[in-house]
Amino acid sequence: MNSTDRTVRRRCYESYFGALEPHSGPLYQVYAEKLRTLSSLAAARHYDSLCEAQLRKRCFPENGTCQLLDPAVHATLVESIQAHLEPYHRWQSLRAERLGVETLRPWDLRAPLTAAEPPTIPYETAIEHIIASLQPLGESYQEQARRFFEDDRADVKPHAGRNNAIGYCHSSIADGPFVLCNYADTFRSMVTIAHELGHALAIEQVRDRPLQETAAPRAVEEIPSVTHELLLYDYCIEQGGLLGEYGAVHRADSIGGLLFDQARYSAFVRALVDRVESDRQLTRAFADNRYLKLHTAFSPTVEFVEESRLEWLHRNIQRDPFHHYQYVLGAVGGLVVADRVRSGRWTDTEYRQLLVDMGRCSATDLFESIGLDITTPAPYQTAADAFEPFVAELA
Ligand SMILES: [Zn+2]
């Protein structure tokens, strides 16, 4: 899907979804059954809704604590992002313009926007870039990052006996964090490592805390990883050239995906669950129609082709139904934190304190501490506004 050749991308998209199509019926049935079962379990445990039960997910990494996020936050998040889709629409139109195509098709969404060969970034070079990008957080934070790699805590090549993860940070307080990734010498791989390192170093800050303070609510867990991503994009853009070009495009792709695309899936799952919980029949036709409706709202510039209705079925349906919100909130918080760090208003002292507070505060209090009331529409509008210049810079 990263090819500069549109025919190759189209064939890749069509053959992937062509192979998925015969399994889509059973996959749909399994997913619908999963929602019905989880909903019944939530009711049996006296939750008002599956959403409420799911927002009381175990904190990360697991230490036995859970935190309830008000389901109203989920609803506010979805509605507020839906009310501010213009910058995301502009990003799609700009992508079409940069690619020189009349109509954007699903296989164009990861196409490089420059004719130059994509940069090849060996793993060792990626590590150097990532450590350099953390400069605004100070030398001791950079040193901690360097030690993480020297201690061989990143497992970056597929091998027997390991989860074939695209990117994952697993950890225990006793043994510390580890990063898994299938590193492929690409810009995207480098971003994955930077993202997962954000999780890993967040865990490093709390290993000496009392056990009950060593895990963060899911609603805030993506803030450090998005902050790392944003600092890496800044660094690459400063370097200029191909690295800068890829940095700017990936920044718009990644933050747009986290804010808007994850909000779209939050809205989608919510609609399916509402259907189940109001005792109306959840059918494949309902799911497909709802997906089409959301696709039209979020991605009006991207043509909905026959295979598009299968897209939601290949998206993390093995995960908890309510998991998309944490990425939206990660972007909302990460944009503010990265801004404070890059402007010099925060040094590593304040940043490390935020990471420690992640295990000590409720999610709403933590957001409050960085000036965001996530129970209101304002932070989502602020985030959509902060995304706008990422698009403008590429125009
Ligand atoms: Zn993450």
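Things worth noting here:
- Point-to-point label distance, Asn2-Glu128, nm (Cα→Cβ direction, 7 Å offset): 2.0 nm
- Distance between the stretch 45-99 and the stretch 348-390 - C-alpha centres, whole angstrom: 14 Å
- Rounded FRET efficiency, nearest 0.05, which uses the C-beta distance separating Gln239 from Glu388 and R0 of 25 Å: 0.60
- R0 of 25 Å, Cβ-Cβ distance Glu143-Thr114: FRET efficiency to nearest 0.05: 0.10
- Maximal additional length on extending the Glu86-His23 stretch stands at 19.1 nm, based on 0.36 nm per residue less the C-alpha distance.
- Tyr16 paired with Arg345, simple spin-label distance in nm, labels 7 Å along Cα-to-beta-carbon: 3.9 nm
- Taking 18 Å as the straight-line reach from the Cα of Lys34, the lysines in range (excluding those fewer than 8 positions away in the same chain) are Lys57.
- Spatial separation of Cα centroids for the stretch 310-337 and the stretch 174-250, in angstrom: 16 Å
- For Ala216, the residues whose modelled amide H falls within less than 5 Å of its own, excluding neighbours fewer than 5 places apart on the same chain, are Phe60.
- Rounded FRET efficiency, nearest 0.05, which uses the C-beta distance separating Cys66 from Ile317 and R0 of 22 Å: 0.40
- Among residues other than His199 with Cβ under 11 Å from its Cβ, the summed charge is -4 (Lys and Arg +1, Asp and Glu -1).
- For the chain, the antiparallel share of DSSP beta bridges with both residues in that region comes to about 75%.
- Taking amide H positions as modeled 1.01 Å from N, with prolines and chain starts lacking one, the residues under 5 Å from Ala154 and 5 or more places away or on another chain are Val179.
- Formal net charge of residues neighbouring Phe268 (Cβ-Cβ distance under 13 Å; K, R +1; D, E -1): +3
- Inter-label distance for Ser93 and Arg58, nm, one decimal - labels placed 7 Å from Cα along Cα-to-Cβ: 4.7 nm
A short reminder: the numbers here are calculations on the coordinates, not readings from a lab. In this text, all values refer to a predicted model and were calculated from it rather than measured experimentally. Glycine also receives a Cβ, built like all others from the backbone with ideal geometry; neighbour counts cover every protein chain displayed.
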